[in-house]
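Visitor: First, the structure itself, so that you have it in front of you.
The values are calculated or read from the model by the stated rules, or taken from the named source; none is laboratory data. Source: prediction; values computed, not measured. Note: ideal-geometry Cβ built from the backbone for every residue, glycine included; neighbour counts use all protein chains shown.
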Amino acid sequence: MLSVLPASPWFSCPRPTPAARLRYWCMPYAGGGAAAWYPWASHVGPVAELVAIRLPARESRLAEPAATDLLTLSRDLATAIAPHTGEPYALGGHSMGALLAFEVARELRRRRSPPPVALIASGARAPDCPRTEPDLHHLPDDDFIREVDQRYQGIPPALLANREFLDLFLPALRGDLTAFETYRHHTEPPLDFPLLSLLGDRDPRVSPDQAQAWRTHTTSDFMSATFPAGHFFLPQQIAAVTGKIREFLVRAVA
């Protein structure tokens, strides 16, 4: 039986599942909030209890300054997760969230915390694959909005049409893009637990080779899966994606 998580600004558990085999900590893409993961909760149960990570500058943390350094953010998040690593758990994230999950796993290893049973990276090139796109995080607001929307197609049209709400969203998005674009991978020994890489076959930001390159970051089992979609394939492919994740997690805790 999993314990009940205490209240924390960092995480939200939309569907407590004490009988689940493990806890699945999910980290958002740039600009994303905890709520993006809520639809997953019923799909990954009863195998896993989903915990959605809430980063600063969004949702109930809107008044907090955005984090702008991914390694600092990973250390802060590891501090929040570490007290709960005595129970089986997995880490995962999409796009920027995949890099964050990877660095949280490495930070927990440095602290000698119990390791996760698995890491799930979706919509992300491996950490040591260099970025080739020009940085966007330094652009003025209007240019930043236009370029981010053209590159990622990830800003909802309703938000683009309402500048007042868009201005509330911008600090989180700019902070996340700053953290993502200034991230530099530092070589450490590979992780020693299973790793799953997920990719949309029409993702313009991540190539199949870059997704497969996650293989070198674990000495344990590596699996990958591709879905008929673009970069933000999770909502459109939720049943297929979560089915693959359930299968992977069952094997990881067997």
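Visitor: For segment 24-133, give me every one of the strands (runs of 3 or more DSSP E) that falls completely inside it and has 3 or more residues that are buried (at least 19 other Cβ atoms within 10 Å of the Cβ), touching a residue at least 60 places away in the same chain (Cβ under 8 Å) and of a type in the set (A, V, I, L, M, F, W, C).
Guide: Filter on segment 24-133 gives 118-122.
Visitor: Go through segment 134-145 residue by residue and tally those that are surrounded by 15 or more Cβ atoms within 10 Å (Cβ to Cβ) and not in a loop (DSSP other than H, G, I, E, B). Talk me through it step by step, then tell me what you get.
Guide: Taking segment 134-145 and keeping what is surrounded by 15 or more Cβ atoms within 10 Å (Cβ to Cβ), we get 136-137, 139, 144-145.
From what is left, the residues that are not in a loop (DSSP other than H, G, I, E, B) are 144-145.
Of the residues in segment 134-145, 2 are surrounded by 15 or more Cβ atoms within 10 Å (Cβ to Cβ) and not in a loop (DSSP other than H, G, I, E, B).
Visitor: Taking segment 205-223 as the search range and keeping residues that are touching a residue at least 60 places away in the same chain (Cβ under 8 Å) and more than 24 Å from R251 (Cα to Cα), which one is surrounded by the fewest Cβ atoms within 10 Å (Cβ to Cβ)?
Guide: Here the residue is S207.
Visitor: Are there any pairs, at least 6 apart or on different chains, whose C-beta atoms fall under 8 Å, with the first in segment 235-252 and surrounded by 15 or more Cβ atoms within 10 Å (Cβ to Cβ) and the second part of a helix (DSSP H, G or I), and if so, which?
Guide: These pairs meet every condition: T242/W40; T242/H43; T242/V44; I245/V44; R246/H43; R246/V44; L249/V44.
Visitor: Oh, and also: When you check A36 against the structure, is it touching a Pro at 6+ places or on another chain (Cβ under 8 Å) and on the phi > 0 side of the Ramachandran plot, yes or no?
Guide: no
Visitor: For segment 220-254, which positions are outside any loop (DSSP other than H, G, I, E, B) and among the polar types (S, T, N, Q)?
Guide: Going through segment 220-254, the residues outside any loop (DSSP other than H, G, I, E, B) turn out to be 222-227, 238-253.
Matches in segment 220-254: S224, T226, T242.
Visitor: Mind checking which residues of segment 189-207 are part of a strand (DSSP E or B) and either over 17 Å from the mean Cα position of the chain (by Cα) or under 24 Å from L108 (Cα atoms) (or both)?
Guide: Residues satisfying the conditions are L191, L195, L196, S197, L198.
Visitor: Also: Output the residue which, of all residues in segment 218-239 that are under 21 Å from L91 (Cβ atoms) and aliphatic (A, V, I, L, M), is nearest to the chain's Cα centre (by Cα).
Guide: In this case the residue turns out to be L234.
Visitor: With the condition kept exactly as written, say whether any residue in segment 1-13 is assigned to a loop (DSSP other than H, G, I, E, B), within 12 Å of the chain's Cα centre (by Cα), buried (at least 17 other Cβ atoms within 10 Å of the Cβ) and in contact (Cβ under 8 Å) with a residue 40 or more places away in the chain.
Guide: Checking segment 1-13: not a single residue is assigned to a loop (DSSP other than H, G, I, E, B), within 12 Å of the chain's Cα centre (by Cα), buried (at least 17 other Cβ atoms within 10 Å of the Cβ) and in contact (Cβ under 8 Å) with a residue 40 or more places away in the chain.
Visitor: From (1) of a type outside the set (K, R); (2) within 16 Å of Y29 (Cβ to Cβ); (3) in contact (Cβ under 8 Å) with a residue 12 or more places away in the chain, pick out the condition that doesn't hold for D149.
Guide: Among (1) of a type outside the set (K, R); (2) within 16 Å of Y29 (Cβ to Cβ); (3) in contact (Cβ under 8 Å) with a residue 12 or more places away in the chain, D149 violates only (3).
Visitor: Considering every residue within segment 208-219, establish whether at least one is part of a loop (DSSP other than H, G, I, E, B) and either closer than 25 Å to R21 by Cα or at pLDDT below 95 (or both).
Guide: The answer is yes; a qualifying residue exists.
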